[in-house]
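The structure appears right after this line, and notes come after that.
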Amino acid sequence: MNKKTVRDIDVKGKRVFCRVDFNVPMQDGRVTDDTRIRAALPTIQYLSEQGAKVILASHLGRPKGKVVEEMRLTAVAERLSALLGKKVVKTDEAYGEEVKAAIAAMNEGDVLLLENVRFYPGEEKNDQELAQAFAELADVYVNDAFGAAHRAHASTEGIAHYLPAVAGFLMEKEIEVLGKALSNPERPFTAIIGGAKVKDKIGVIENLLDKVDHLIIGGGLAYTFVKALGHEIGKSLLEEDKIELAKSFMEKAKEKGVKFYMPVDAVVADDFSNAANKKVVSIDNIPSDWEALDIGPKTRELYRDVILQSKLVIWNGPMGVFEMDAFAEGTKAVAQALADAKGTYTVIGGGDSAAAVEKFGLAEEMDHISTGGGASLEFMEGKQLPGVVALNDK
Ligand SMILES: Nc1ncnc2c1ncn2[C@@H]1O[C@H](COP(=O)(O)OP(=O)(O)O)[C@@H](O)[C@H]1O
Ligand SMILES: O=C(OP(=O)(O)O)[C@H](O)COP(=O)(O)O
């Protein structure tokens, strides 16, 4: 990486504003998967050991510029404190007088976590005043939030223009590993795209068609494609204004000789709940008042075969609503196939996919679990990540 890292600067006694991605899955106010917190520990520990005053900033969820009580970082601070084995002060704001006072009280090596930066409308707008307000809190900026590096926000991009700006260890590692896998990909190269962020991921699919041999679609994302084929999808997730785009991708795949795989069957439910009635139907047979919440058994087998034939697989986004056991089988089957594919280099991306692999106890079987979903996809598309571009060159 041609960007400076924490190794290239002296942080002793300095206030370091360190952007991390602590956007972790939560349930009932508890952190249900702390992969992203653990992934940031090397940088946090290093800064602390070097005698920096470590000021951490993160987003959680998409509160859209307002305070959302369930999206406070309080539980995250507690988990971080347990993992670090030291006290972590948590402020209720992300800048301003309260925060300045808390920072003034810090000793060398102390760690502080600011409140969710997305509680402020300026964060996602990359408002320069907010970026300056963040910059005022510190002497140095470290970006270790690979998972948010594709966002040009005040705490990921804007602030880097006002302070010496370097990468953390996680950022450095992600870019090195993903860059190596993709510079000269082993083939067949397969991408598996699932999850629910249709709007974010649909553009990625187009660019991946220039790179991969096989493209597998699953998760909530798939049903916009199923609809594009002219099938009824009932109450399944749909991005109405992307149907035409989905159609054009299927044509593009054909032209490019990319094998495009879609679910051939699905597990449908009469309610979005673990206790719902459910059944397996073929993909052209989804009842109008049911919704597809997982890929069916035939699809699992088909996807497994493609995975086992591949030399490089990148997987982003669960195949179904895996948080509910009733709809976790598809995601589990893909994770198991990746674990069984011994000669295949496997890269998992995305908070939820990483959480799924962890939940099934298969994390150790994967070659690289990226902490970024959208970020790893954009990186793999060959796009420049704004959070990286803004850092100081070596
Ligand atoms: N068929 C489906 N219908 C609705 N939601 C789905 C479906 N399949 C997967 N999901 C949801 O997608 C979410 C993850 O999506 P996304 O954020 O795009 O993935 P990632 O974090 O891995 O990038 C999960 O919470 C999962 O429940
Ligand atoms: O969870 C994240 O992305 P991911 O779901 O693509 O892995 C990152 O924290 C970015 O969050 P965002 O997609 O709300 O900007």
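List of remarks:
- Descending principal axes extents, segment 1-64, alpha-carbon based, whole Å: 40, 25, 22
- Reachable lysines, given that their alpha-carbon falls under 20 Å from the alpha-carbon of Lys87 and they are not under 8 places away in the same chain: Lys12, Lys14, Lys53, Lys100
- For segment 304-394, the tally of Lys pairs with Cα-Cα distances below 27 Å comes to 8, considering only residues 8 or more apart or on different chains.
- Rounded to whole numbers, the Karplus 3J(HN,Hα) couplings from phi for segment 45-56 are 5, 4, 4, 5, 5, 6, x, 7, 9, 8, 9, 8 Hz, using 6.51 cos²θ - 1.76 cosθ + 1.60 with θ = phi - 60°, and x at Gly and Pro.
- Segment 65-87 and segment 361-394 have Cα centres lying 24 Å from one another.
- Checked against a 26 Å cut-off, the cross-linked pairs Lys254/Lys298; Lys201/Lys279; Lys173/Lys211 give Cα-Cα distances beyond that limit for Lys201/Lys279.
- This ranking places Asp284, Asp270 by how few other beta-carbon atoms lie within 10 Å of each, fewest first, which gives Asp284, Asp270.
- Phi-based couplings in Hz for segment 226-241 (Karplus 6.51, -1.76, 1.60; Gly and Pro marked x): 4, 5, 4, 7, x, 8, 5, 10, x, 9, 4, 4, 9, 10, 3, 7
- Relative contact order (percent, whole number), the chain, Cα cutoff 8 Å, 6+ residue spacing: 17 percent
- Restricting segment 36-126 to trypsin sites (Lys or Arg not before Pro) in coil, as DSSP defines it, with at most 16 other Cβ within 10 Å: Lys64, Lys66, Lys86, Lys87
- Cut-off 14 Å between beta-carbons: net charge of the residues surrounding Ala82, Lys and Arg +1, Asp and Glu -1: +4
- Degrees between helix 169-183 axis and first principal axis of the chain (Cα, 0 to 90, nearest 10): 40 degrees
- With Cα atoms, 0 to 90° folded angle of helix 74-84 axis to the chain main axis: 80 degrees
- Radius 11 Å from Cβ of Leu221, net charge of other residues (Lys, Arg +1; Asp, Glu -1): +2
- Glu186-Arg62 pseudo-label distance in nm [points 7 Å out on the Cα-to-Cβ vector]: 3.6 nm
- Loop-resident sites, segment 242-344, for chymotrypsin sites (Phe, Trp or Tyr not before Pro), counting at most 12 other Cβ within 10 Å (DSSP): Phe272
- Amide H contacts of Met26 (H built 1.01 Å from N, under 5 Å, at least 5 apart or other chain): Thr32
- Partner aspartates and glutamates for Lys199 [C-alpha distance under 12 Å; skip if fewer than 8 residues away on the same chain]: Glu239, Glu240, Asp241
- Charges were assigned to the Cβ only: +1 to each Lys and Arg, -1 to each Asp and Glu. The resulting dipole of segment 1-44 about its Cα centre is roughly 340 debye.
- 3J(HN,Hα) along segment 342-353: 6, x, 10, 7, 10, 10, 9, x, x, x, 6, 5 Hz, from the Karplus curve 6.51 cos²θ - 1.76 cosθ + 1.60 with θ = phi - 60°, whole Hz, x for Gly and Pro.
- For the chain, the convex hull drawn through the C-alpha positions has a volume of 131 cubic angstrom per residue.
- Fewest-first sequence of Ile286, Ile243 by Cβ atoms within 10 Å of each Cβ: Ile243, Ile286
- Positive-end extreme of charge dipole, segment 113-250 - chosen from Tyr120, Leu245, Ala135 (charges on Cβ): Leu245
- Once backbone amide H atoms are built at 1.01 Å from N, Gly51 has Gly109 as its partners under 5 Å, excluding neighbours fewer than 5 places away on the same chain.
- Centroid-to-centroid, using Cα positions, segment 199-274 and segment 32-63 are 35 Å apart.
- For Thr299, Thr5, the sequence from fewest to most other C-beta atoms within 10 Å is Thr5, Thr299.
Computed from the coordinates by the stated procedures, all read-outs in this text should not be read as laboratory data. Please read all numbers here as calculations on a predicted model, not as lab measurements. As a convention, Cβ positions derive from the backbone with ideal geometry for all residues, glycine included, and neighbour counts pool all protein chains shown.
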